[in-house]
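Data block below; observations after.
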Amino acid sequence: MAPPQAPALLYPDRSAASPLPTKPRRSSVQVVLLFIGVLLVSVAAIFFLTVAWIVAGLGFRFVVVALLTVAALVVAARMRRSRLTSTAEGIGSFAVVLVLLDVWGMRQNNLFGLAAGDGALYWGVALIVCATLFLGWHNRSKLRVGSIAGFVVAVPGVGLFAAGLLQGQNTLTRVFVGFLGAAIAALLHRATLSRPADGRRSPAFDRFPERILLLALGALALVTAAAVAVFVESDSLIAPVWSLGAVALVATAHAVLVLSAPRSALIVESVDVAQPARPMGEYRAFAYLAASLAAFAAAGIAPVVAGRSDSLPFSLTVPLLVATALAVALELFARHLAASSAARMAGLVAALSAGTVAAIPLLLTAGYAAWPLIQAIASGLRGHEVVLDLANADNVWAVLALVGVGATLLIGWALGGLLRARRQIVTALALAVVILAVPLSPSIGVIVALYLLLGAGALISLLLARSPEPTSVPPTVNDAGRFSLGFLAPATIVFLVVGETLGYVISWAHPTTWWFGTVSLIVALWFARLLVTHRAASPALTSPALASASHAHARGALLAAAIVITLVGVGHVPLALAPEQQWFEAINLANVTAAIALATALLHLFVAAAALRPTALSLLDRRWAFFTLLVPSVVVFVLPIRMWSLAAGESLLQPEPLGSILRASILVAASASWVFLRANHGGLHLERAIAAIALAPAVYLLTREVLFITAAVTSVFILAAPAVALVVCSLALLRGTNRRGGATLSGGAGRVTSGTVAIGATGTLNVDSTARRDRIALEIGAAIVLVPAVFAAVGTADKLGTAGTFRSLGWLVIVFAGIVALIMAIAPDGLFGSRSNRRHFGWLALLLGTAGLWLGLDQAGIVALEPYVLPVAGMVLTTAALIRRYGTTDRLSEPSPVAGVLTFAALLIALVPLAVSSESGSLVRPLVLALVSVTLMIGAALVRWAPPSSTYLAAAGLAGAIALVVTAFAQTQRLAGAPGAPDGRLELWLVLPTMAASMTAVLLVRQTDAQTTALRRGTGIALVLVWASVLTWVELTVVSAPADAGLSTPRAVLLVLALSAVHVIALAQPRAPLGAITAWIVLGLAGLAAITVTSSGKVDPFELVTVPVALALIGSGWLRLHGDPRARSWPWFGPGLSLLLVPSLLLDFTYNDLWRIVSLGIAAIIVLVIGSSRRLQAPFVIGAVVLLIHGVAQLWPWIALAYSVIPWFLWLGGGGILLIVLAARYEQRIANLKSVALRISALR
């Protein structure tokens, strides 16, 4: 019985008389300063006493520390009386450290012969005395640090004292006794609770920190003692009983002591300050931990004893049964005998812990019990017969132990009234015992037969007890007396699944039993579909449609499983017919692949034809069957059986090529049935789409097999893929133009439904949506066949030898592909007048036709580039003119977008390839291209822009600009690639086109066409930025080259200066094509150039390129501040000043030249003076910081010399004292800092 719950300790309500004063709030910064100061002083004292031998002897240092200890104790108490609480607590913490140092010094100096005794006993007595001293000091001074230190050191003191008393025992035993003693001392946590005044004693406040520390130390001691107890006297069988038993008793004492404590208490800090009551959740958590540890220790006795004994039956039975019995007993205590909710929860936690301990021997026992079953399953998976003796006595003991666990749970839960709620657990355990007992039989045949009989019996029982299918006619027979399984239904289902599965797997262990298991499992899966009915399991089900769909999916999954088992059995038939051969031989693999391919093709045909008999298979059944067959079908039909090399005299069960033709024909029939059979048009759209995609590859496979049997020439094989794609796309065109009741146009806006597609803007064309989806899928399949052939034609265009035939007909394959693309472009409403997106395939047809033409020209030996590009450009430009003249767009009021795009494409085709090829050869071609490009670009900017012509002018100008960029870049690469360093011609090819582009940008901006204002402004800015980027890229490439002829530094500096100047000019004249965007991007290019040349070491000193960028930033900032009086100086002067000063400042930490040191100091002073005189915050702060760091860096050798004279721990002590003083005067120092910060923040 749990002890009675003590009442909660609560003071009477005094709110009516006078409210309780609140605690004074302390600054977190002040607390941190005190903490760091005390820590530094403590470290200094420790090193002074222990390490600093050069100062004085150990005795002198011990006397000094002892005097400091007395002084710290007295000063802390006096400051506490002066209400300097924070400082007093900090000095008190330092006093605690000094007391512990005194204890160490007494033994180190061998005072009174203390060094001769046992160390553990000495420290145990010393810590107990220190705990008494600290608690007495706390009682006199009211310092909280004394209470915390006293309670904390008492726990290890008692533990060390207990370990010191057993000096004659071995080390492990002493360690165990020490931690057990510490756990016993942690029972002091009860003394940390608050108590009211009773007339004899003053009220005690709640010591929450002390209690948390004691609970943590107690938990650590208990856990460590329990861990060490396992190894105490490892050669004794009785040692775990008393060691773990002692841990369990102490843990139980902790739990009882906590559970008998009050649940809440009033926290009283002092006589004047109080806080409201708080629930002690941490106390209950420790009680649960102690109860759990007690259960772990008690339940762990038997496993530890079993580990030290040599009896395997004992290890398999006793630990599991003892832990199970203990868990059941603890649960009975918690549910029926515990008086409070906390005690009940502690009992349940202990029961759970005992159950956790039982899980470890349960794994061992279950492993031994399941070992015969594992052997049988492994033999079935390997395909070898198991040995006769699967089980021995140990396996039997394991099964009996599981029976004992079931009996214990049955009796305990029956006594506790929990059997009805947990009967499924007992049933599951009984089910596991029966399943594990079957492999104890003597032979493999008996094991398979028993498992199959278990599964068959479960299936028959479920069929007899199943619910009938719901119908609209009410039943005429009352089924009140019908056979029912009740709560055994889940176990019966598990019997069915496990029995059939294990019977099937183990049946593969012998050549004569595998087909029994296969047939039995297939039959069971088929009849198991009858168990899945539409009747809901609960009348509360609110969605009958959802229930029906879930049951339909379950039936489909069972059908899919039956299909998988069927394919496995079919694939094993060739292996069973040739048992003397290895399965991995080529003949066996070919036979297995062919058998599975034939089976999958037939099953696909059956599933597709099942649409003619909807009652045979439902839609979901067919969906499950289709996707189950999909992956095996892809795998077996992709494998090239014909290419496998067979030994002489070996023949396939399905002779080639007739077997391949038969399988491919069945697959083509199945795919065609899915697509063209009208019964399949009502649903299963995804399945029909996949079948339509597979039709073209299947026809191609069949065509290849027929060509193989007819011994066709190689050219016919090459054209087989495009021919199949052409035929399938033609069928897709016929299927996609299938209309509902013929083509009927309705005038007006015409409502478009899901079954129609829109045509034009004046009517609709009734086209079957199913046919439209089928056409898309058929075309995807055709693309799968055609695309590899096209890539092969392109990839082998320049190869000779065996690919010579393919090379000669490759252009014809590409032309066939263009015809296929043209067929795909034809929509139900035609080609040229179509509004469908299909019309865009016409561009692909044009591209493929052009590619075929070029490939033919290449094979004809034509080398000149102009015959390739100029005729095509002329044809595209002619097409653009025709569209402009005869298109649907009103050419007098608006341009044709298509004609504009074609004009742009034609000019690109004519100019860009020639510009790329101008890198080599005569200079006449690049000069002519440059003149033509400049003429197009400037001419497009000079001509007046109007809506009918703006698109064409934009196309001409853009094409000219692109061609000029490519031409100039090609010529600069020619000059850069020549031997030696490039001369001034490089800048001519860069500067002159840049000037032309800038002129074009200015002319574009000055146009007056309102509709293209944004386009022209953007184009002008883009022209300037593109040429700035090209100029930067080329110059950086030349500068970074090894051969520079002494021109790298001038080129880099001039480039950065020019870009920086453009930045300032663009901000000073903010009009397109200049402005903010151009300015900042150009400055980014300048920064990139500066970083590149600096990192590569081409410019020395680096200030030659960093200073111009910094001055540009400062100049742009000055313009901003001059134009906006509200602007602050940091965002506009900060980056520039940082770039001006910081890179040079960083060299102060390495090596710095004298000129740079002087220049940096002068520049920092100038910036500081300007910031102060102009009242600018950024120059003032940056100049001051740089000047300060610069000065410290130059004076650092003398500072380091002064530091090395004084011992480092004295610096720590002085710093700690300084921090303590600052903490005591914290508010005044903060006011001074705020005054300085306000003066600086007042600057602009």
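The values are calculated or read from the model by the stated rules, or taken from the named source; none is laboratory data. Quantities reported herein were computed from a predicted structural model and do not represent experimental measurements. FYI the Cβ positions are ideal-geometry reconstructions off the backbone, even for glycines, and counts take in every protein chain you see.
What to note about this one:
- Elements of type helices (runs of 4 or more DSSP H) contained in segment 1041-1147, each with 2 or more residues being of a type in the set (A, V, I, L, M, F, W, C), within 19 Å of V991 (Cβ to Cβ) and over 42 Å from the mean Cα position of the chain (by Cα): 1048-1068
- Where a residue in segment 1103-1128 is without any contact (Cβ under 8 Å) to a residue 60 or more places away in the chain and its partner, wherever it lies, is charged (D, E, K, R) and surrounded by fewer than 17 Cβ atoms within 10 Å (Cβ to Cβ), with Cβ under 6 Å and at least six apart: A1127/R1120
- Some residue of segment 703-718 being in the same structural domain as R613 (by TED's automatic domain parsing), within 47 Å of the chain's Cα centre (by Cα) and closer than 21 Å to L630 by Cβ: no
- In summary, L877 fulfils each of the numbered conditions (1) modelled with pLDDT of 80 or more; (2) more than 22 Å from R773 (Cα to Cα); (3) not assigned by TED's automatic domain parsing to the domain that holds L908 with the single exception of condition (3).
- Flag for F969 being in contact (Cβ under 8 Å) with a residue 24 or more places away in the chain and either among the basic types (K, R) or surrounded by 21 or more Cβ atoms within 10 Å (Cβ to Cβ) (or both): no
- Here segment 389-411 is the region considered, the condition is being at pLDDT below 85 and either in a helix (DSSP H, G or I) or small (G, A, S) (or both), and the residue that is surrounded by the fewest Cβ atoms within 10 Å (Cβ to Cβ) is A393.
- Meets criteria (part of a helix (DSSP H, G or I), at pLDDT 80 or above and buried (at least 21 other Cβ atoms within 10 Å of the Cβ)) for V125: no
- Residues of segment 667-683 that are of a type in the set (A, V, I, L, M) and closer than 18 Å to G781 by Cα: L667, V668, A669, A670, A672, V675.
- Inside segment 165-195, residues that are modelled with pLDDT of 80 or more, in a helix (DSSP H, G or I) and touching a helix residue (DSSP H, G or I) at 6+ places or on another chain (Cβ under 8 Å) make up a count of 17.
- Taking the listed residues A253, A291, A298, the one that is surrounded by fewer than 17 Cβ atoms within 10 Å (Cβ to Cβ), at pLDDT 85 or above and either part of a helix (DSSP H, G or I) or not aromatic (F, W, Y) (or both) is A253, with no other qualifying.
- Residue match in segment 882-889 (condition: modelled with pLDDT of 70 or more, out of contact with any Leu (no Cβ under 6 Å at 6 or more places or on another chain), surrounded by fewer than 14 Cβ atoms within 10 Å (Cβ to Cβ) and not assigned by TED's automatic domain parsing to the domain that holds D768): yes
- Residue match in segment 643-652 (condition: acidic (D, E) and at pLDDT below 80): yes
- Residue within segment 262-278 that is assigned to a loop (DSSP other than H, G, I, E, B), at pLDDT 75 or above and farther than 27 Å from A186 by Cα present: no
- In the set (1) part of a helix (DSSP H, G or I); (2) farther than 18 Å from L1015 by Cα, E919 fails one condition alone, (1).
- Residue satisfying all of: in segment 994-1037; among the basic types (K, R) and in contact with a helix residue (DSSP H, G or I) (Cβ under 8 Å, 6 or more places away or on another chain); farthest from L1074 (Cα to Cα) among these: R1016
- Residue list for segment 139-173, restricted to those being among the polar types (S, T, N, Q) and under 20 Å from A216 (Cα atoms): S147
- Lone unmet requirement of (1) surrounded by fewer than 19 Cβ atoms within 10 Å (Cβ to Cβ); (2) closer than 17 Å to L617 by Cα; (3) touching a Phe, Trp or Tyr at 6+ places or on another chain (Cβ under 6 Å) for H685: (3)
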